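Data first, discussion second: the structure below is written as structure tokens.
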Amino acid sequence: MSQQHCCCGGNQVDERLEKIMKVIEEHKTVKGGLIPVLHEIQDTYGYLPEDILKIVSRELDIPMAEIFGVASFYSYFSLEPKGEHIIRVCLGTACYVKGAQGLIDRLCKELNVEVGKTTADGKFTLEATRCLGACGLAPVMVIGEKVYGRVTPEDIPNILKEYK
């Protein structure tokens, strides 16, 4: 393995890359080995860095287009780094009926970010999800592990202050 300096920003050999290279090696001859490799990359880096995907493409002899196709098909995978705080707003039926879209709209405005994107400062990623399993508290949003129920758009600025 050649020494690469992907995603680490320093001169040290990236230990994460070494870990990924081992997983790639274990899956080279396994049919359907791409998905476990992508899972390991996602778990290790928090997203799928393009320079790492190029290594996967080369080592597994899979075209980049196919890798991007798989990565974009599954919602678990992200091609962009996530923010320090991930905000998930439930758009399941109960939450939607009780005004979840208003929460999304207010969050987009307050954070100046689109759904599925990360704020310029890297603090927040905004995601719309399906049922979070707290229908009785609709509309619901989750920041990290903390659940916020019966949220109104007017509550958003005060909730965000906890994380700024």
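In square angstrom, what is the accessible area per residue of region 31-164 with a 1.4 angstrom probe?
54
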_Exposed GluC sites (Glu not before Pro) absent - longest run of the chain, DSSP non-H/G/I/E/B, at most 15 other C-beta within 10 Å_ = 1-83
*Average silhouette area of region 85-162, convex hull of alpha-carbon atoms, in square nanometres*: 4.4
*Can you list the aspartates and glutamates whose alpha carbon sits under 13 Å from that of Lys54, skipping same-chain ones fewer than 8 residues off?*
Glu66
_Give me the base-10 log of I(q)/I(0) for the chain at each q in 0.19 Å⁻¹, Debye formula, one uniform scatterer per Cα, rounded to two decimals._
-1.08
*Return the lysines within reach of Lys109: Cα separation strictly under 28 angstrom, same-chain partners fewer than 8 residues apart disregarded; answer none if there are no such residues.*
Lys82, Lys98, Lys117, Lys123, Lys146, Lys161, Lys164
*Could you state how much accessible area Arg58 has, in square angstrom rounded to the nearest 10, with a 1.4 Å probe and all protein chains kept in place?*
130
*Each residue of region 96-105 in order: what ³J(HN,Hα) in whole Hz does its phi give by Karplus 6.51 cos²θ - 1.76 cosθ + 1.60, θ = phi - 60°, with x for Gly and Pro?*
4, 4, 8, x, 4, 4, x, 5, 4, 4
*Using 7 Å Cα-to-Cβ label points, what is the Ser75/Val115 separation (nm, one decimal)?*
1.1
*How large is ³J(HN,Hα) for each residue in region 153-164, as worked out from phi by the Karplus curve 6.51 cos²θ - 1.76 cosθ + 1.60 (θ = phi - 60°), to whole Hz, x for Gly and Pro?*
x, 5, 6, 4, x, 5, 5, 5, 4, 4, 10, 8
*Using modelled backbone amide H atoms (1.01 Å from N, in-plane), which distant-in-sequence or interchain residues come within less than 5 Å of Glu84's amide H?*
Lys123, Phe124
*region 123-164: which chymotrypsin sites (Phe, Trp or Tyr not before Pro) are DSSP loop and have at most 16 other beta-carbon atoms within 10 angstrom?*
Tyr163
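Taking the Cα centre of the chain as origin, work out the dipole magnitude from +1 charges on Lys and Arg Cβ and -1 charges on Asp and Glu Cβ, in debye rounded to 20.
Values: 19 positive and 23 negative charges, 113 e Å.
Using Cβ point charges on Lys, Arg, Asp and Glu, the chain gives about 540 debye.
The values are calculated or read from the model by the stated rules, or taken from the named source; none is laboratory data. It should be emphasised that the depicted structure is a prediction, and the values quoted were computed from it without experimental measurement. Don't worry about glycine lacking a Cβ; one is built from the backbone with ideal geometry, like all the others, and counts go over all protein chains shown. When the accessible area is computed, the model is the full protein with side chains, heavy atoms only, and any ligands, DNA or RNA have been set aside. Shrake-Rupley method; radii C 1.70, N 1.55, O 1.52, S 1.80 Å.
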